[in-house]
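**Student:** Got a structure for you, written out below as structure tokens; questions coming shortly.
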Amino acid sequence: VALQIAPPCTSERHYEHLGRCCNKCEPGKYMSSKCTTTSDSVCLPCGPDEYLDTWNEEDKCLLHKVCDTGKALVAVDAGNSTAPRRCACTAGYHWSQDCECCRRNTECAPGLGAQHPLQLNKDTVCKPCLAGYFSDAFSSTDKCRPWTNCTSLGKTVEHHGTEKSDVVCSSSLPSRKPPNEPQVYLPGLIILLLFTSVALVAAIIFGVCYRKKGKALTANLWHWINEACGRLSGDKEM
């Protein structure tokens, strides 16, 4: 008599029960009852907020995680009946294995900047500011900022910047006087021009008047001289 040996249940989709190789339940379903000698396994779907993500022989589904906002957790993947919900720490927090909780990200001190890009669910990495950059406040997100370019603003550097402070610019660029340029006294020049103009106008007026009345003035002048001389002669005779 030949003996028949049943093949072993080696597939991830099967299990052995009562000498039979029976089907497991697919993802998203749980096993309501195992197989018998005459019937296969009975599988039912997971309920709301439940899941199973593998072929299984579980008698109930697993509950999804609760992403508690009060513990700085948010859902990054809502999940479904075949995949679990995934939670992560909110922005500004990271997951700590020490307490199995979210901790606030480290704040970089002045002179240090946060390394970008920022990584979700990981603590801040602080880096020293390079030459020409600065950070003047505690921050878990801000990068080092470049010094102000005073020249582009039409100003000069009054105080040099450091890794903790920005450059201080002066109010404006100093005026530049061309070398060896003779100094001009504007008020004196204006007075000289006014005096010259007045003298020129007076000369023109005098010339015009002299041409019109020159002869009359000369005759009157000679008459006055003769009259004066006559009076002087009369006085001597007396």
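Taken together, the values in this text are just the output of simple stated rules run on the coordinates, not laboratory data. Not measured: the values here are computed from a predicted model. Note that we place each Cβ from the backbone using ideal geometry, even for glycine, and neighbour counts take in every protein chain shown.
**Student:** Out of residues 5 or more away from Cys101 or on other chains, whose amide H comes under 5 Å of its own, with H placed 1.01 Å from N in the peptide plane?
**Tutor:** Here the answer is Ser96, since their amide H atoms fall under 5 Å of that of Cys101.
**Student:** Within the range 91-113, what residues put their amide N at less than 12 Å from the label point 7 Å along the Cα-to-Cβ vector of Asp142?
**Tutor:** The answer is 108-113, whose backbone nitrogens lie closer than 12 Å to the label point.
**Student:** List the trypsin sites (Lys or Arg not before Pro) in the range 70-165 that DSSP assigns to loop (not H, G, I, E or B) and whose Cβ has at most 12 other Cβ atoms within 10 Å. Which are they?
**Tutor:** Here the sparse-neighbourhood loop sites are Lys122.
**Student:** Moving on to the next point. Residue by residue through the range 54-67, what is 3J(HN,Hα) from phi via Karplus (6.51 cos²θ - 1.76 cosθ + 1.60, θ = phi - 60°)? Round to whole Hz and write x for glycine and proline.
**Tutor:** After applying 6.51 cos²θ - 1.76 cosθ + 1.60, I find 9, 5, 8, 10, 6, 8, 7, 7, 8, 7, 5, 5, 9, 8 Hz.
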